[in-house]
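Structure first, then comments.
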Amino acid sequence: MQEYTVHLEALGELTEADIDRIIDALESRYAPVVSGGPGFSYFGITLSMRAASPQAAFEKTMRLLKQVHPVRLSSILDWQIHREDTDVTTHELPTFPEFVGMSETAELLGVSKQRAWTIVNRPDFPPPAKVLKATPIWLKRSVLAWVDRWERKNGRPTMWEVGLSFPPRCPQNTLTGIVSALRRDLASDHPTIQATTNQLTVQIRVKARSAKKAIEHGQLTLEDSLREVRWTARPSAMKVWAQRVNDQTGTSRYEAILA
């Protein structure tokens, strides 16, 4: 038998009475610590116990909670199981889950905010973790998992224009040569390049499921091309963006500044 500390986080709002009941029932043997409470859409519970294995410690935790505050497996966001005589932690994940509102959800979906309202009302879309006065909020990981298995309707555009811009900080004759080399290296990606001594902007077209995925792919492509043409100046900050090519519903744009 080993000493373990088990921490889990789950969806649900605890009342003050719930917290008191959990602590009163478990404090004599399991040193419970409870986080969350009224107004929070999730809560955390930490227990210390003896068990034969991490799996046994987790199962024991679920049995104990079933007696005082049942937790469904489907509602668990995270759990950590730490063996107290080692540095080994099982299932170690971020302590606080990341939430997204409607604007961020639209960006993850790669659609307009108006279109996102239609999508989040689909029966297979994850339910919001909480509905605030301004907007519902979702667990970011739940939205990303849904996006990964989302099958868009036939004919739905998935082509993106990805751009990268930054001050080139080099002489005009050097910049002219770099622009020519970039046009050759990126020829298959339909590049659009604008260059002045103050700003270099490069745009290419990529296919992706969302704005962020387009940015990830496009940024790697553009940065690889800059290395191929022996770009020596390291920009202090780059602005990157993705804009969906869609003649029927307009564009969905995502921007970021990379230090």
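The values are calculated or read from the model by the stated rules, or taken from the named source; none is laboratory data. Given the structure is predicted, the values throughout are model-derived calculations rather than measurements. Don't worry about glycine lacking a Cβ; one is built from the backbone with ideal geometry, like all the others, and counts go over all protein chains shown.
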message: I need a count of the residues in the range 1-29 that are in contact with a strand residue (DSSP E or B) (Cβ under 8 Å, 6 or more places away or on another chain) and over 14 Å from ILE81 (Cα atoms).
response: 11
task: Return the pairs, sorted by first residue and then second, in which the second residue is at pLDDT 85 or above and surrounded by 12 or more Cβ atoms within 10 Å (Cβ to Cβ), the first residue lies in the range 53-73 and is on the phi > 0 side of the Ramachandran plot, the beta carbons are less than 9 Å apart, and the residues are 6+ apart or on different chains.
output: none
- request: Test TYR30 against the criterion of being under 25 Å from SER142 (Cα atoms) and of a type in the set (Phe, Trp, Tyr), and give yes or no.
  value: no
- request: Could you look through the range 34-53, keep only residues that are farther than 22 Å from ALA129 by Cβ and out of contact with any Lys or Arg (no Cβ under 7 Å at 6 or more places or on another chain), and pick out the one that is surrounded by the most Cβ atoms within 10 Å (Cβ to Cβ)?
  value: LEU47
- request: Taking the residues in the range 173-202 that are at pLDDT below 80 and surrounded by fewer than 11 Cβ atoms within 10 Å (Cβ to Cβ) as candidates, determine which candidate is farthest from LEU109 (Cα to Cα).
  value: ASN173
query: Which one is surrounded by the fewest Cβ atoms within 10 Å (Cβ to Cβ), of the residues in the range 14-33 that are within 31 Å of the chain's Cα centre (by Cα) and outside any helix (DSSP H, G or I)?
result: THR15
- request: For residues that are assigned to a loop (DSSP other than H, G, I, E, B) and among the aliphatic types (A, V, I, L, M), tally how many sit in the range 118-147.
  value: 3
